[in-house]
Every structure is written in C-alpha cells, then in structure tokens.
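Notes follow the structure.
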Amino acid sequence: MRLVLYLSVFWLTVGHCEKLFHNRDYSDISPSSQHQARPVGNQAAAEEYLRKYGWTDQINWENIQRQKTENSADDHRAPQDWLDRIKEGSSASKQWQQSQAESTTTSAYIEALKQFQKANGIPVSGELNKATQEAMNKPRCGVPDRVVSESALLDNETHDILNQTSDFNKTTDTNGGTNMIGTSKVRKKRFLEILLSPSQREVPVGPDLFNRAPKMAFSKAKLTWRLMGEGYSNQLSVEEQRHVLRMAFRMWSEVIPLEFEEDNHSPASMVDIKLGFGTGRHMGCTRTFDGNGQEFAHAWQFGDIHFDDDDHFTTPNNGNGISLLKVAVHELGHVLGLPHIYRMGSVMQPSYIPQDSMFELDWLDRKAIQQLYGVCKSPFDTVFDWIHSEKNEYGETIIQFNTYFFRNNLYWLYENRNNRTRYGDPIPLSVGWQGIPSSGINAFVHIWTWTRDAIYFFKGTQFWRYDNENDQAYTEDAEGKKYPKLISEGFPGVQGPIDTAFYNKRDQNIYFFKSSNVITFNVNTNQINGYPKRIIDVFPPVVQNDHPIENLNAAYYSYHYQSIFFFKSNFFWKVVNDWDKKQNPLLPINGLMPKKNISDQWFDICDVHYSMLNKN
Ligand SMILES: [Ca+2]
Ligand SMILES: [Ca+2]
Ligand SMILES: [Zn+2]
Ligand SMILES: [Zn+2]
C-alpha cells in the first residue's frame with residue numbers, strides 16, 4: 001500500500017521527484033486516513049500547497065492535461081522505468097540534501113506565502129499562522145491560482161488596477177451591480193483587460209489547441225457535454241447529478257451566445273466537455289484527489305471537469321455540504337477560459353463560499369465571460385409591456401406592467417429596474433402563453449381605454465385574443481365565433497401578415513407596420529385612418545440616413561422609459577418623447593433618435609438550448 005502511494009506521488013511530480021522525496025515527511029500518510037484530506041499543519045504541507053496551486057511558480061496547467069492525454073493508456077500502473085530507479089537512499093546524503101534545499105526554498109516559500117496571504121485578505125506576515133492554515137484548509141478548486149508574476153506587480157498600472165479590486169467589492173456589496181454602471185465603467189474595463197490579458201493565462205500549445213478562435217474562447221456556438229457513465233457520483237442519484245449540471249451549463253448560456261447540449265449518444269471522443277466524479281486516482285487523470293476536504297474538483301480549459309466524490313456534494317439549498325451547482329458553475333468557468341478571480345461575490349473565487357439562497361453569476365463574472373464570448377445579439381419577434389391590474393394588501397387596485405421579449409419559441413421577462421432578465425428565463429412560449437402559436441409571433445397589441453381592455457397576438461394573417469384573467473387565449477368571442485380570426489376581419493382595412501404593431505394610448509390608435517408602411521387604426525371607430533403612410537414620413541430620422549426604413553421586427557411603448565422603441569435586427573431606435581422635446585425643442589415630432597445596439601440597453605437576453613429548458 002505504502003509503495004503505491006509513493007509511486008503515485010512520483011508519478012504526479014515528474015521532474016521534481018528527487019527534491020520532493022527528500023523534502024517531504026511521509027509519516028502522515030497512513031492507510032486509515034486515505035479518504036480524509038491531510039490538513040495543512042506544518043511548513044512542508046504549506047510548501048506543497050503553495051507549489052500545487054501555483055503560488056511558488058506559475059503552473060502550466062494545460063500542459064498537465066496534455067501529459068494526461070499522452071499517458072492515459074496505462075495510467076493506472078506505475079511506469080516501469082521508475083521502478084528501476086527507486087533505491088533506498090543513505091540517511092547521510094538525505095540530510096545533506098535536505099539542508100541544501102531548505103536554504104534555497106525558504107525565501108521563495110515566504111514570498112509565496114505572503115502573496116497567498118495578500119490575495120486571501122490575511123495580514124501579510126510571511127508566517128504560517130492559524131489564519132493562513134485555515135485559509136489553506138478551506139474546501140477549494142484544484143485549478144492553480146495563477147498569481148500575477150513579479151514583473152507584472154511592479155508595473156504601475158497593473159498595480160493600480162489590482163488595488164482597485166477591493167473598491168469593486170465595496171461598490172457591489174453596498175449598492176448592488178447596477179449602480180456600478182456608469183460610475184466606474186472605465187476602471188472596470190481596464191481591470192477586465194488586465195484580468196483577461198494573454199499574459200495572465202498560459203498560452204496553449206499542442207496540435208489540439210491550434211486554430212482556436214482569438215481570445216482563447218471556444219469557437220463553436222454549440223457545445224456538447226456528458227456526465228460520463230464511469231464517473232457517476234455515489235452520493236446523488238444520476239438524475240439529480242444531471243439536473244444540477246444542466247442548471248450549471250444553463251447559467252453560463254444565459255449570459256453569453258453559447259449553447260450547451262447534453263449528448264449521451266455520440267462517441268465519447270466527439271463530446272466537447274466530459275464530466276465525472278471520482279476518488280483518489282480517477283478517470284485516467286494525472287491529478288489525484290485528496291480525500292474528504294480541501295480540493296473538491298478541477299477542470300481544464302476546453303477540457304474536462306472532475307469532482308472529488310470523497311467530498312460531500314449536495315443539490316442546491318439542501319444541507320450543509322458543498323453545493324454541486326456552485327462548484328460546477330465555477331469549474332465550467334475554467335473550461336470556458338476564466339481564471340480565478342479574487343473578488344467577493346465572484347463565482348470564480350478559488351475557495352468555496354457557502355451558497356446563498358439565490359446563487360447567481362455576479363456582474364463581473366458576466367462581464368469577464370462576455371469579454372471572451374461577446375454578448376447575446378439576436379433579433380426579436382416582438383417586444384411589449386404587459387399591463388395588468390392587481391389588488392394590493394390594502395385592497396386597492398394597482399396597475400403594473402412587465403416587459404416581455406419574444407424570439408422564436410422562447411420568451412423572457414425583463415426586469416427593467418434591475419436591468420436583467422428574470423431568473424430562470426427563457427421559458428418556452430407554449431408553457432407561459434397557452435393557446436397562442438408556440439413560435440414566431442409577429443406582434444402584440446394591448447388596447448387599453450376606459451371601456452375596453454383587450455390583448456391580441458398576431459401571426460401571419462390571423463390574430464388571437466388573450467384572456468388576461470385566466471392566462472390563456474380565448475377559444476371564441478362573445479358571439480361564439482372561433483379564434484383565431486383573420487386580421488382583416490377584426491381590423492377592417494388591415495391585411496396580414498404584419499411586421500409589428502403597437503397601441504398608442506394617447507391617440508387611441510393601433511399603429512400597424514408592414515414593409516415600409518404604417519397604417520393607423522382607431523379603436524373607437526373601428527376604422528383605419530386614411531391610407532397607409534411611409535414609416536419614414538410619420539417617424540422621420542433625427543440624423544439623416546439613420547432610419548430602419550422598412551421591415552421592423554418590433555415596435556413597442558415602454559412604460560419604464562415612457563418612450564416608443566423600434567427594433568430591427570440588432571438595433572433599436574427611440575422615438576422622440578416629451579422629455580426629449582423639452583431638452584431640445586428642435587427635435588422633430590415622432591423623430592427617430594440615432595440607432596443603438598439593443599444589447600447595450602437590454603442586457604443578456606440569451607437563448608439556451610432546448611435540452612436545458614424548463615418544459616413545465
Ligand atoms: Ca477533496
Ligand atoms: Ca414582429
Ligand atoms: Zn477554480
Ligand atoms: Zn481529474
């Protein structure tokens with residue numbers, strides 16, 4: 001048994017094995033404690049910790065993975081040539097070598113210890129005190145912490161920016177993410193550039209990593225993943241494991257234009273991201289797990305994720321173990337290219353922080369991953385504010401609105417005050433909007449006067465009326481006539497299909513848009529007002545040539561912004577409102593302000609793969 005343990009240590013530290021053999025004291029390894037991680041309690045263990053996690057020297061983590069690939073064929077056996085080299089050393093030579101090694105490692109060790117203390121918010125003493133040992137014994141990710149190199153720390157700008165990380169903590173913790181926007185945008189951008197600059201990461205080598213997209217991100221828009229059959233956990237049911245992993249993938253795909261599909265059928269070599277649980281030596285991996293405690297998982301960029309099944313994983317909000325969701329989201333961050341981020345609130349902190357009830361990616365996590373993959377940009381089918389009245393706790397009727405975005409078969413509720421989509425969106429249309437077509441809605445109109453309150457959806461040449469109270473489409477009208485009806489029947493003078501429409505409460509007209517034309521329909525007279533007009537004549541550009549001209553995707557009145565917006569492709573135009581006119585009386589009535597990116601005003605409205613959707 002002892003021989004096997006020795007061999008596995010040798011195997012892991014090819015290149016440093018001689019030094020390690022003489023520096024390490026193995027008396028703490030005993031067969032009875034092999035499933036319990038050894039706590040860091042002395043200098044030798046602390047040195048090993050600092051070396052293992054890259055504090056002494058930055059570790060070429062991707063290179064370790066390549067060794068794995070090359071050696072995976074016989075990785076469960078000790079290599080033959082090492083057996084030949086193992087000889088009992090004389091005690092005299094051992095002592096001599098040990099003192100030699102100590103004098104050279106001490107200064108590097110203390111320096112690494114100081115760096116570790118600084119990053120972990122421990123008073124920098126260079127001594128292995130209780131607080132430092134506690135920090136080292138926390139459950140943590142096995143991916144090395146790539147601390148900034150000496151030269152980078154001396155660089156003034158880097159230094160400034162690293163110091164500013166603590167400011168970010170304060171700002172986020174007291175004010176929340178949205179308040180940061182605008183106040184420190186420039187600083188954050190520079191911080192991100194430093195954080196993600198190539199010098200901070202290993203440059204991948206080897207044929208499998210050539211021809212990647214720039215910025216070291218996955219170049220495919222859809223990635224497949226699988227929980228490997230030989231890597232199921234013994235602690236949770238297979239369904240629970242897959243469910244939690246699906247949620248983890250989903251959380252990233254909610255903020256970047258990447259989709260993840262669970263693939264349990266293709267040959268394993270075709271699957272992009274393979275996940276598995278194991279203990280000790282596991283799944284042909286070069287890195288050994290350490291038993292219960294400390295390292296709970298590791299992952300490789302563009303590669304696989306392994307979880308230490310000796311650690312106690314739990315499903316979200318369930319018991320005192322380690323949240324598998326939080327760990328999986330973190331490891332997936334590494335797979336996608338993120339380093340460790342020492343910042344409160346970030347999911348990329350190396351140590352495990354017990355999960356709050358509503359665990360989400362924080363602002364910087366989103367921005368960091370979007371730096372690699374960009375933001376989600378896709379046209380919408382329709383966008384609208386849904387007005388509904390509710391009784392409050394005093395029995396008073398209050399009017400509320402929610403903003404919805406529809407694209408294909410999915411919809412998102414957008415929380416304007418938080419500037420983000422609702423947690424858990426998108427949802428299939430067929431789940432949230434019963435009785436209307438399950439995809440490709442052209443337009444939404446809510447007629448809202450003192451005497452009428454009616455909601456309509458339009459698709460093709462037909463329209464549906466929606467029953468707000470029962471939250472489903474009407475199947476027939478008051479006279480027993482069936483829905484859907486022809487648009488030309490319900491709105492005489494209007495021929496479907498239409499591009500989009502919106503109801504203007506002020507003049508009580510519906511504006512129907514079709515190609516380059518707009519036609520208004522008065523809801524009181526139930527008639528169109530004259531002939532169709534060109535959109536550009538009714539809504540002239542404020543800046544010449546900056547106009548959608550035709551084929552709008554959506555037009556909607558936003559109660560939040562108290563403005564009408566036109567959407568086309570990935571851009572939007574804001575229609576001049578009263579406030580704009582007050583600021584600048586020269587602006588034309590109904591003029592279109594210059595176009596902007598939709599993704600700059602409404603953040604992170606991202607598709608997720610259908611295999612990740614909550615279908616009920
Ligand atoms: Ca462990
Ligand atoms: Ca549309
Ligand atoms: Zn990590
Ligand atoms: Zn592994």
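The values are calculated or read from the model by the stated rules, or taken from the named source; none is laboratory data. Being a predicted model, the structure only gives us computed values, none of them experimental. For neighbour counting, all protein chains shown are included, and Cβ atoms are generated from backbone atoms with ideal geometry for every residue, glycine included. Only protein heavy atoms, including side chains, enter the accessible area calculation; ligands, DNA and RNA are left aside. Shrake-Rupley method; radii C 1.70, N 1.55, O 1.52, S 1.80 Å.
What to note about this one:
- Matching residues in segment 247-287 - criterion: being within 16 Å of ligand 4 (Cβ to nearest atom) and open to solvent by 30 Å² or more (accessible area, probe 1.4 Å): 268, 274, 279, 281, 283
- A single entry from 333, 337, 303 fulfils the requirement of being touching a Leu at 6+ places or on another chain (Cβ under 8 Å), within 22 Å of residue 219 (Cα to Cα) and of a type in the set (Gly, Ala, Ser): 337.
- Residue that is at pLDDT below 50 and away from ligand 4 (no atom under 16 Å from the Cβ), where the choices are 91, 103, 125, 107: 91
- Of all residues in segment 496-525, those satisfying the criterion of being farther than 19 Å from residue 444 by Cβ and open to solvent by 70 Å² or more (accessible area, probe 1.4 Å) are 524, 525.
- Subset of segment 378-436 [of a type in the set (Ser, Thr, Tyr) and closer than 20 Å to residue 455 by Cα]: 382, 389, 397, 403, 404, 411, 414, 430
- Scanning segment 328-354 for residues that are closer than 21 Å to residue 316 by Cα, away from ligand 3 (no atom under 12 Å from the Cβ) and buried (at least 18 other Cβ atoms within 10 Å of the Cβ) yields one hit, 345.
- Pairs with Cβ under 6 Å, 6+ apart, first in segment 512-541 and assigned by TED's automatic domain parsing to the domain that holds residue 457, second open to solvent by less than 60 Å² (accessible area, probe 1.4 Å) and of a type in the set (Ser, Thr, Tyr): 513/500; 518/511; 520/511; 529/520; 534/516; 535/516
- Restricting attention to segment 443-473, the residues that are over 21 Å from residue 389 (Cβ atoms) and open to solvent by less than 40 Å² (accessible area, probe 1.4 Å) add up to 5.
- Residue-level analysis places residue 327 outside the set of residues that are farther than 20 Å from residue 222 by Cβ and under 11 Å from the mean Cα position of the chain (by Cα).
- Residue in segment 213-234 that is in contact with a helix residue (DSSP H, G or I) (Cβ under 6 Å, 6 or more places away or on another chain), on the phi < 0 side of the Ramachandran plot and either in the same structural domain as residue 425 (by TED's automatic domain parsing) or within 16 Å of ligand 3 (Cβ to nearest atom) (or both) present: no
- Restricting attention to segment 127-145, the residues being in a loop (DSSP other than H, G, I, E, B) and either within 16 Å of ligand 2 (Cβ to nearest atom) or of a type outside the set (Val, Ile, Thr) (or both) number 9.
- Among the candidates 415, 390, residue that is assigned by TED's automatic domain parsing to the domain that holds residue 472 and open to solvent by 70 Å² or more (accessible area, probe 1.4 Å): 390
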